1. If I filter the stretch 31-50 for residues that are over 30 Å from PHE274 (Cα atoms), aromatic (Phe, Trp, Tyr), modelled with pLDDT of 95 or more and part of a strand (DSSP E or B), do I get at least one hit?
2. Would you check if there is a residue in the stretch 79-89 being crowded, with 22+ Cβ neighbours inside 10 Å, of a type in the set (Phe, Trp, Tyr), farther than 14 Å from TYR31 by Cβ and within 15 Å of the chain's Cα centre (by Cα)?
3. Would you mind finding the one in ALA54, ALA6, ALA13, ALA73 that is part of a helix (DSSP H, G or I), modelled with pLDDT of 90 or more and among the small types (Gly, Ala, Ser)?
4. Name the single residue, out of those in the stretch 193-225 being of a type in the set (A, V, I, L, M, F, W, C) and under 16 Å from the mean Cα position of the chain (by Cα), that is surrounded by the most Cβ atoms within 10 Å (Cβ to Cβ).
5. Provide a single number: the residues in the stretch 244-292 that are among the acidic types (Asp, Glu) and either touching a Cys at 6+ places or on another chain (Cβ under 9 Å) or not in a loop (DSSP other than H, G, I, E, B) (or both).
6. Pairs only if they're at least six apart or on different chains, beta carbon under 8 angstrom, first in the stretch 102-119 and more than 19 Å from ALA54 (Cα to Cα) and of a type outside the set (A, V, I, L, M, F, W, C), second modelled with pLDDT of 90 or more and assigned to a loop (DSSP other than H, G, I, E, B); list them, first residue then second.
7. Kindly evaluate PHE276 against the criterion of being surrounded by 17 or more Cβ atoms within 10 Å (Cβ to Cβ), without any contact (Cβ under 8 Å) to a residue 60 or more places away in the chain, under 17 Å from TRP186 (Cα atoms) and touching a Phe, Trp or Tyr at 6+ places or on another chain (Cβ under 6 Å).
8. For the stretch 126-243, give me every one of the strands (runs of 3 or more DSSP E) that falls completely inside it and has 3 or more residues that are touching a residue at least 12 places away in the same chain (Cβ under 8 Å) and farther than 30 Å from PHE11 by Cβ.
Amino acid sequence: MKICLACGNLFEANDFRCPVCGHSPELRDGYPAFSPELAVGNNGFKTGFFSLLAKLEVGNFWFESRNRLLTWALGRYFPQTETFLEIGGGTGFVLSGIRKDFQDIELFGSDIFSEGFTYTKDRVPEARFFQMDARQIPFDAEFDAIGAFDVLEHIDEDCVVLQQMFRAVKPGGGVILTVPQHQFLWSAVDEYSFHKRRYTRKDLIKKLKDADFQIVYITSFAFFLLPIMFLSRIKRQLSSNKFDPMAELRIGQTTNTVLENVMTVERVFIKHGFSFPAGGSLLVIAKRHSGR
């Protein structure tokens, strides 16, 4: 069901016009905007980052490997999914990966910034997009699965977001999340990206349980790359060169292939149920109990 953010009414309709108070979200570039005052800029992300990401994602070992991990997780833990919402979809790269593997799922994408829709509409033209603040999701028990991939770390009120996701997902459905891990990896990249935190496994589990989710599976990933990530950040801290936020992604083809093969081996372990104890990021699958 949809939620009117003006009066709180729950309703079923093809559009977002509330039948009680008549409120409709304004349109920005043809898309519903539920928090238009935040659509252009706020303290959570550099919007110019979208154009850089769009150029680097395709073929890059990190984004390609993460996509394969996420599509596996969706098929493994939510095989009956008919509706999927991505929060903080950015350039639409993840949704395009899901579309390749799951032709029948109805896809929805959202972001707090409207700039990203320039790329998402080209990559996944059949998906439905809207601008929103993840702290106020205008849906109640609407989606079979919801994903937020490297999004929660940008938001001070991450617990509120998890509560909103719990409300928006159907009973029996759930969420797929990825977040950066280990505070000792904190670097200028985190600061440039407006990260509020890097997570610990214990902290993320607690926040999900506080939101009433049941943890189904959790693992670190980029485990084998952890020493490289750590040394890269130490080297950057000691360097006097001008900071380049994209340096870690601008790598040669040979290095890219080697790192992608490493991530492929790691994914084999994960597919067989192994949970890595450490790594650059965390993947968690959590569900809303079918009775709630």
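1. Here is the first cut: in the stretch 31-50, the residues over 30 Å from PHE274 (Cα atoms) are 31-50.
Now restrict to residues that are aromatic (Phe, Trp, Tyr): 31, 34, 45, 49-50.
Okay, now just the ones that are also modelled with pLDDT of 95 or more, so 34.
Those left that are additionally part of a strand (DSSP E or B): none.
Scanning the stretch 31-50, I find no residue that is over 30 Å from PHE274 (Cα atoms), aromatic (Phe, Trp, Tyr), modelled with pLDDT of 95 or more and part of a strand (DSSP E or B), so the answer is no.
2. Kept after step one, since they are crowded, with 22+ Cβ neighbours inside 10 Å, are these residues of the stretch 79-89: 84-89.
Checking the rest, the ones that are also of a type in the set (Phe, Trp, Tyr) come to 84.
In the following step, the residues that additionally are farther than 14 Å from TYR31 by Cβ were identified as 84.
Add one more test, that the residue is within 15 Å of the chain's Cα centre (by Cα), and what stays is 84.
Scanning the stretch 79-89, I find at least one residue that is crowded, with 22+ Cβ neighbours inside 10 Å, of a type in the set (Phe, Trp, Tyr), farther than 14 Å from TYR31 by Cβ and within 15 Å of the chain's Cα centre (by Cα), so the answer is yes.
3. On the way: ALA54 fails: modelled with pLDDT of 90 or more; ALA6 fails: part of a helix (DSSP H, G or I); ALA13 fails: part of a helix (DSSP H, G or I).
Going through ALA54, ALA6, ALA13, ALA73 in turn, the sole match is ALA73.
4. Within the stretch 193-225, the first condition is being of a type in the set (A, V, I, L, M, F, W, C), and the residues that meet it are 194, 204-205, 208, 211, 213, 215-216, 218, 221-225.
Add one more test, that the residue is under 16 Å from the mean Cα position of the chain (by Cα), and what stays is 194, 204, 208, 218, 221.
Values: PHE194: 15, LEU204: 21, LEU208: 21, ILE218: 17, PHE221: 25.
Taking the candidates together, the pick is PHE221.
5. Initially, the stretch 244-292 is screened for residues among the acidic types (Asp, Glu), giving 244, 248, 260, 266.
Add one more test, that the residue is either touching a Cys at 6+ places or on another chain (Cβ under 9 Å) or not in a loop (DSSP other than H, G, I, E, B) (or both), and what stays is 260, 266.
Residues meeting the conditions: 2.
6. Final answer for the pair search is ASP104/GLU82; GLU106/GLU82.
7. Details: surrounded by 17 or more Cβ atoms within 10 Å (Cβ to Cβ): yes; without any contact (Cβ under 8 Å) to a residue 60 or more places away in the chain: yes; under 17 Å from TRP186 (Cα atoms): no; touching a Phe, Trp or Tyr at 6+ places or on another chain (Cβ under 6 Å): yes.
No.
8. Working: elements: 128-131, 143-149, 169-180, 214-221.
Because the criterion is at least 3 residues that are touching a residue at least 12 places away in the same chain (Cβ under 8 Å) and farther than 30 Å from PHE11 by Cβ, the strands (runs of 3 or more DSSP E) in the stretch 126-243 that meet it are 169-180, 214-221.
The values are calculated or read from the model by the stated rules, or taken from the named source; none is laboratory data. Since the model is a prediction, treat every value here as computed from it, not as a measurement. Quick reminder, even Gly has a Cβ in these numbers, built from the backbone with ideal geometry, and neighbours come from all protein chains shown.
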